[in-house]
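Here it is: the structure, laid out below.
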Ligand SMILES: [Fe+2]
């Protein structure tokens, strides 16, 4: 019989007399305890192995397993439950004997209700103190271990720290940790074994289907000697195995591994307290491993993203170079023009202290600005004389054509403005759209100046190159009409500085005369 009360202390009553069981269950329940009763020692042991109890109240004289024998078995299996014995006058001596063997107190039959309550409350108080001590010790261990593994992204290091802590905490001979492969579900993804004495040892392989079934039922796995055999794949446990504990590593309700400890030392058995300590350790290990895995995944995805970005950037550069090449081949006189416009655009962009990505975009736009000329007839581009009005109309389509060439290529979209707007005038008198002032994108206003400067200072089919001073004078004259006056001013200043620097470096022949 069981009575339930939330968070109430759990009491197991063992007596072969039904009346005693019922009376105790009734008034202990009324006092707010959660009570379970069984009629003999064997059933009591089964119950204690299955569920944690705060207190055991047992009769001393019972058929088969006596109260004293039950006490011995509890001690041997380290089931760790505080025990109160019930005894008649004739067996008080035996009860005192039992207390020497570890029983906490005794109740004399026939008992008074107040007496029972008093003894039970005192026992539970003692039990709480013991539990507090255990928790404090656990907390300290867990704190130390958590600190050691919290910032580690190295799974092997985490496993090592956890296994060593497991061995130290429960005085095990060997500890093993099996990580579950999230894809295959197998527990052999990573197996780590640490032995207290460092010596390798033949260990039985855990039977993971059996273990996971037990974990799912919430049943603790603490087994001794031959009884541990059912948790292994081998038909029987090794003869020298004294005790075995397995606890799950879980993250967000999913099993990620199993922590096992083995004792091969004769008489050294693990108990429920050991199992609890290992459970807490396993839970800390599970989150540290989860963190390390997430970190690794993040690194991998970052890495492939970087690689994808790099190849995109390379592809972009190649595309730009390919277009520029195609253009230069269609127009002998503009050979080198795209590159020089890019150089002058960069000088101006850097002088304006624009952010690096914007400078790069402006340089690329400089290279690409006339890409629309690919669609203009070669003979017209290189015509020595004046263009007819029809030819002018066709020529003036090149910014629009450039835009249409770049539009189908998403990675070149950033360069459209440079192509489309480099013939717009600051006063609105340009083409193709007649944009005015700052409505003209900055890249268009920059490339317009660089383009005009290079057009004037290099040979064309219809005239020889103009000297630098003439070109600069022309840019100053057209500041505010054709060009953005601030940019024109900056360009004149910056191009002079650039020429000085080139001459200083002995590269004066590379600049316009
Ligand atoms: Fe142009």
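The values are calculated or read from the model by the stated rules, or taken from the named source; none is laboratory data. Nothing here was measured: the structure is a model prediction, and the numbers come from that model. When we count neighbours, we look across all protein chains shown, and the Cβ atoms used for this are built from the backbone with ideal geometry, even at glycine.
Exactly one of (1) surrounded by fewer than 17 Cβ atoms within 10 Å (Cβ to Cβ); (2) in a loop (DSSP other than H, G, I, E, B); (3) more than 15 Å from the ligand (Cβ to nearest atom) is unmet by residue 433. Its number?
With (1) surrounded by fewer than 17 Cβ atoms within 10 Å (Cβ to Cβ); (2) in a loop (DSSP other than H, G, I, E, B); (3) more than 15 Å from the ligand (Cβ to nearest atom) applied to residue 433, the lone miss is (3).
Can you pull out the residues in the stretch 249-308 that are assigned to a helix (DSSP H, G or I), farther than 19 Å from residue 165 by Cβ and more than 14 Å from the chain's Cα centre (by Cα)?
Here is the first cut: in the stretch 249-308, the residues assigned to a helix (DSSP H, G or I) are 272-308.
Add one more test, that the residue is farther than 19 Å from residue 165 by Cβ, and what stays is 293-308.
If the condition is that a residue be assigned to a helix (DSSP H, G or I), farther than 19 Å from residue 165 by Cβ and more than 14 Å from the chain's Cα centre (by Cα), then 303, 304, 305, 306, 307, 308 are the ones that fit.
Same structure, new question: Can you find a residue in the stretch 406-428 that is farther than 20 Å from residue 345 by Cα and either within 14 Å of the ligand (Cβ to nearest atom) or surrounded by 20 or more Cβ atoms within 10 Å (Cβ to Cβ) (or both)?
So the first thing to find is which residues in the stretch 406-428 are farther than 20 Å from residue 345 by Cα, and the list is 407-411, 427-428.
The next check asks that each one be either within 14 Å of the ligand (Cβ to nearest atom) or surrounded by 20 or more Cβ atoms within 10 Å (Cβ to Cβ) (or both); those that pass are none.
The answer is no; no qualifying residue exists.
Give the number of residues within the stretch 455-472 that are touching a helix residue (DSSP H, G or I) at 6+ places or on another chain (Cβ under 9 Å), in a helix (DSSP H, G or I) and away from the ligand (no atom under 12 Å from the Cβ).
So the count comes out to 6.
Being within 16 Å of the ligand (Cβ to nearest atom), touching a strand residue (DSSP E or B) at 6+ places or on another chain (Cβ under 7 Å), outside any loop (DSSP other than H, G, I, E, B) and in contact (Cβ under 8 Å) with a residue 12 or more places away in the chain is true for just one of 448, 452. Which residue is that?
Only one candidate qualifies: 448.
Within the set of pairs 6 or more residues apart or between chains, which connect a residue that is over 20 Å from residue 453 (Cα atoms) and free of Cβ contacts under 8 Å to residues at least 60 places away in the same chain inside the stretch 420-440 to a residue that is away from the ligand (no atom under 11 Å from the Cβ) and not in a loop (DSSP other than H, G, I, E, B) with Cβ atoms less than 6 Å apart?
432/400
Considering every residue within the stretch 51-61, establish whether at least one is in contact with a helix residue (DSSP H, G or I) (Cβ under 9 Å, 6 or more places away or on another chain), surrounded by fewer than 19 Cβ atoms within 10 Å (Cβ to Cβ), within 19 Å of residue 110 (Cβ to Cβ) and at pLDDT below 90. Steps first, answer last, please.
Filtering the stretch 51-61 down to residues in contact with a helix residue (DSSP H, G or I) (Cβ under 9 Å, 6 or more places away or on another chain) leaves 52-61.
Next, only the ones that are surrounded by fewer than 19 Cβ atoms within 10 Å (Cβ to Cβ) stay: 52, 61.
Applying the additional criterion that residues be within 19 Å of residue 110 (Cβ to Cβ) yields 61.
With at pLDDT below 90 added as a condition, the list becomes 61.
For the stretch 51-61, residues in contact with a helix residue (DSSP H, G or I) (Cβ under 9 Å, 6 or more places away or on another chain), surrounded by fewer than 19 Cβ atoms within 10 Å (Cβ to Cβ), within 19 Å of residue 110 (Cβ to Cβ) and at pLDDT below 90: present.
Surrounded by fewer than 21 Cβ atoms within 10 Å (Cβ to Cβ), in contact (Cβ under 8 Å) with a residue 60 or more places away in the chain, touching a helix residue (DSSP H, G or I) at 6+ places or on another chain (Cβ under 9 Å) and more than 17 Å from residue 273 (Cα to Cα): does that describe residue 31?
yes
Further question on the same structure: Residues of the stretch 367-382 being within 13 Å of the ligand (Cβ to nearest atom) and either modelled with pLDDT under 70 or assigned to a loop (DSSP other than H, G, I, E, B) (or both), which ones? Can you show your working first?
Here is the first cut: in the stretch 367-382, the residues within 13 Å of the ligand (Cβ to nearest atom) are 367-376, 381.
If the condition is that a residue be within 13 Å of the ligand (Cβ to nearest atom) and either modelled with pLDDT under 70 or assigned to a loop (DSSP other than H, G, I, E, B) (or both), then 369, 370, 375, 376, 381 are the ones that fit.
Taking the residues in the stretch 483-513 that are more than 55 Å from the chain's Cα centre (by Cα) and in contact (Cβ under 8 Å) with a residue 12 or more places away in the chain as candidates, determine which candidate is farthest from residue 341 (Cα to Cα).
Within the stretch 483-513, the match that is farthest from residue 341 (Cα to Cα) is 513.
Now for a different question. Search the stretch 259-273 for residues being surrounded by fewer than 23 Cβ atoms within 10 Å (Cβ to Cβ) and touching a helix residue (DSSP H, G or I) at 6+ places or on another chain (Cβ under 8 Å), and hand back the single one that is modelled with the lowest pLDDT. Write out each step before concluding.
Of the residues in the stretch 259-273, the ones surrounded by fewer than 23 Cβ atoms within 10 Å (Cβ to Cβ) are 264-269, 271-273.
Pick out the ones that are also touching a helix residue (DSSP H, G or I) at 6+ places or on another chain (Cβ under 8 Å) and you get 269, 273.
Details: 269: 82, 273: 77.
Result: 273.
For the stretch 60-92, which positions are in contact (Cβ under 8 Å) with a residue 60 or more places away in the chain and part of a helix (DSSP H, G or I)?
Our first condition is that a residue be in contact (Cβ under 8 Å) with a residue 60 or more places away in the chain; within the stretch 60-92, this holds for 76-81, 86.
76, the sole residue that qualifies.
Also, quick follow-up: Within the stretch 100-118, work out how many residues are within 20 Å of residue 61 (Cα to Cα) and touching a residue at least 12 places away in the same chain (Cβ under 8 Å).
Qualifying residue count, the stretch 100-118: 11.
Go through (1) part of a helix (DSSP H, G or I); (2) surrounded by fewer than 13 Cβ atoms within 10 Å (Cβ to Cβ); (3) more than 16 Å from the ligand (Cβ to nearest atom) one by one and return the number of the condition residue 385 breaks.
That leaves (1) as the condition not met.
Out of all the residues in the stretch 477-501, which are in a helix (DSSP H, G or I) and touching a helix residue (DSSP H, G or I) at 6+ places or on another chain (Cβ under 6 Å)?
Here is the first cut: in the stretch 477-501, the residues in a helix (DSSP H, G or I) are 477, 485-501.
Across the stretch 477-501, the qualifying residues are 487, 488, 490, 491, 492, 494, 498.
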